[in-house]
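Right, one structure below, let's go through it.
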Amino acid sequence: MTRNTVEKAPVTLLGLGAMGTALARAWLVAGHPLTVWNRTPARAAALAAEGATVADSAAAAVAANTLLVVCLLDDASVGEALARTDLTGRDLVNLTTGTPAQARARAAWARERGARYLDGGIMAVPPMIGVPQAGGYVLYSGSRELFERHRQTLGVPAGTTYVGQDAGFAALHDIALLSAMYGMFAGAAHAFALIRKEDIDPTSLAPLLADWLVAMAPGVHRTAERLRSGDYTEGVVSRLAMQAAGAPTFLSTAAQQGVSPELLSPYFALMRRRLAEGGGDEDLTGLIDLLVR
Ligand code: NDP
């Protein structure tokens, strides 16, 4: 077999925090020559023992390879780390979490310095990196050509999903998905709070909760179809009027259980507003329009 003798693309990686270290290990294990730099040099020691070349400055690391991946704390740290480096001719892949506006500004900033730019949003935690069956992936946006050129290398630590030429789209998708996750966590927090003072083992509620959330999740496809068609009433089985009528049951139960309604009430308030606007025959899709200012 020639698999192990095929030359793997060299990679420079700036940032060896929890995520950067996981990325570095994945490329090293896959046989990619890897040059790393970290502001605090001690964090590179273990990786040096595993085969990484440790650069003594960000500028030296950037000079080492065309493909330059950065995974730092935030956008400001990217600016600081790259301030005294020569980005001319570099393919900069920024896996640092930021806002869409920061990604767009960073893309323009990179272009001015002679670099091509791809932004990434990591949909994984470090233990999922380099473990394909864990299902982690990275959202990419910006130069399509750059994405295609490095797709194979970028696919080593985690799956790759390209979401558009607009450099801000990876961050936007990232934040959208994580926002939905926080909504889910908020709902789960309320559910656990409801049983907290009862003789109910949280570990007996957890599997019911997880299965219920999974069963409900595909509803987002119907929501998307309704947003696209503009018809929020077609095929509705759980009318907004019915759901809004049920709101007092939820709020009374919270009160009876001594649980603050602060996570739930804003959603019910939106239901009431939509109902008042005449959306009783819709499902909950119309609430989205109330959020968009
Ligand atoms: P860590 O806090 O573990 O590491 C932060 C890294 O940024 C370190 O390498 C740190 O260097 C470096 N850094 C911070 N400020 C500067 C600066 N001013 N100049 C140079 N380097 C700097 O964070 P993670 O590795 O966990 O996260 C990195 C990115 O990955 C973040 O944007 C995060 O949102 C994203 N991410 C993380 C996930 C996770 O679960 N960990 C999940 C998905 C995305 P030093 O060692 O010197 O402090």
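Kirkwood hydrodynamic radius, the stretch 173-291, all distinct C-alpha pairs: what's the number in Å?
With all distinct Cα pairs of the stretch 173-291 included, I get 15.8 Å.
Which percent, to the nearest 5, of DSSP beta bridges fully inside the chain are antiparallel?
Roughly 20 percent of the beta bridges in the chain run antiparallel, per DSSP.
Using a Gaussian network model on the chain with a 10 Å cutoff between Cα atoms, which of 247, 115, 276 fluctuates the most?
In the Gaussian network model the winner is 276.
With a Cα-only, solvent-free Debye model of the stretch 113-255, what are the log10 I(q)/I(0) values at q = 0.08, 0.16, 0.20 Å⁻¹?
Summing over Cα pairs of the stretch 113-255 leads to -0.37, -1.06, -1.27.
About its Cα centre, what dipole magnitude does the stretch 205-255 give when the only charges are +1 on Lys and Arg Cβ and -1 on Asp and Glu Cβ, stated in debye to the nearest 20?
80 debye
What's the ranking of 151-158, 268-275 by average number of surrounding C-beta atoms within 10 Å, highest first?
Packing order, densest peptide first, comes out as 151-158, 268-275.
For the stretch 68-158, what are the per-bin percents of Cα-Cα distances with bins 5 Å wide, up to the bin holding the maximum?
Reading the bins upward from 0: 3, 14, 26, 25, 19, 10, 4, 1.
Round to a whole number: what % of the accessible area of the chain belongs to carbon and sulfur, probe 1.4 Å?
59 percent
Mind ranking 218-224, 163-169, 135-141, 41-47 by how tightly packed they are, going by the mean number of other C-beta atoms within 10 angstrom, highest first?
135-141, 163-169, 41-47, 218-224
Please compute the Kirkwood hydrodynamic radius over the chain, one decimal place, Å, based on all pairs of different Cα atoms.
About 22.0 Å, per the Kirkwood formula over Cα pairs.
Between residue 182 and residue 152, what length comes free when the chain is fully extended (0.36 nm per residue of separation minus the Cα-Cα distance, one decimal in nm)?
7.6 nm
In Å², what does the accessible area per residue of the chain work out to with a 1.4 Å probe?
55 Å²
The values are calculated or read from the model by the stated rules, or taken from the named source; none is laboratory data. Since this is a predicted model, take the numbers as computed values, not measurements. Cβ atoms come from the backbone with ideal geometry, glycine included; neighbour counts cover every protein chain shown. For the accessible areas, the whole protein counts, side chains as well, though only heavy atoms, and no ligand, DNA or RNA atoms are used. Shrake-Rupley method; radii C 1.70, N 1.55, O 1.52, S 1.80 Å.
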